[in-house]
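Comments concern the structure below.
A short reminder: the numbers here are calculations on the coordinates, not readings from a lab. Worth saying up front: this structure is predicted, and the values here are computed from it rather than measured. Cβ atoms come from the backbone with ideal geometry, glycine included; neighbour counts cover every protein chain shown.
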C-alpha cells in the first residue's frame, strides 16, 4: 500500500488534536468503539513481539473510589515540593478526570512474558515498558480518531494501584487512563493555556 498526502494530513491532524484530557462528558463509550480500540492495540509494536501489556477496564465503583483516594494522597504529596506560590498554581490545575470519565483503563506491563522468548530484551529489559507505552500511544491516537479523549494519570502510587486491583505478581503499572468524550476540543495543551509549561522543539542533532 502506498500512503498519500491525505494519509499524512490525517495523521498530522490526529497528532495535533491529541490532548491529555482531564474534562470529560459522562456519555458512555459504545462497546464497538472499545472493541476497535482494543484491536488498535493489537497493531502496536513490541520488543520481540512480546506484547507485554495487560489492560484492566475498571468498572467497579468501589475500585474506582480506591483509585481516586490513591490519586488524592499522591497529588497532595506531589504538590508539597513547590513553594507557596507555585503550589497554589499547582493546586489550581485539574490533573485528572477520574470522577467524570466513563471508562477507566489500568495498563500494566508483565515483567516476564513467555511471548517473544526473551528476544530483544536481554540487554535492555526496559524495552518491555517501552512496548507498553507504544501500545498506550497507539490506543491514544486511535481514540482521537474515534472522537474520544484520553487522560493519562501519572499522579498515583503504582504499587498501591496494583494492590487495589489485585494483579498478579510481576505486573507493574505503566499507565492509568481515563477515556471518554472530551467536554471541549482544543489543539492547545491545557498546561500551555494555564502558563505552566510551553513545548520545546525536539532535540535532534546530527553527530
Practice item. Starting from the Cα-Cα distance between residue 49 and residue 7, subtract it from 0.36 nm times their residue separation and give me the gain in nm to one decimal. Key: 12.5 nm
Practice item. Before rounding to the nearest 500, sum -39500 (n - 2.57) across all DSSP H runs of length at least 4 in the chain and divide by the residue total; then give [θ] at 222 nm in deg cm²/dmol. Key: -12500 deg cm²/dmol
Point to revise | Efficiency of FRET from Cβ geometry, residue 112 and residue 25, R₀ 35 Å, rounded to 0.05 | key: 0.30
Practice item. With the cut-off at 15 Å, report for the stretch 75-133 the share of all Cα pairs above it, as a whole percent. Key: 67 percent
Practice item. Evaluate 2.2 N^0.38 Å with N set to the residue count of the stretch 71-186, then give the Cα radius of gyration divided by it. Key: 1.24
Practice item. Would you mind calculating the gained length between residue 38 and residue 80 on full extension (0.36 nm times residue separation, minus the Cα-Cα distance), in nm to one decimal? Key: 11.4 nm
Point to revise | Candidates 137, 117, 23, ranked by Gaussian network fluctuation over the chain, Cα under 10 Å, top entry | key: 117
Check your understanding: Going by how many other beta carbons lie within 10 Å of each one, how would you line up 198, 110, fewest first?
Key -> 198, 110
Practice item. Specify the residue with the greatest mean-square fluctuation among 156, 177, 56, computed from a Gaussian network of the chain linking alpha-carbon atoms under 10 Å apart. Key: 56
Practice item. Could you work out the relative contact order of the chain, using alpha carbon pairs under 8 angstrom and six or more residues apart, expressed as a whole percent? Key: 36 percent
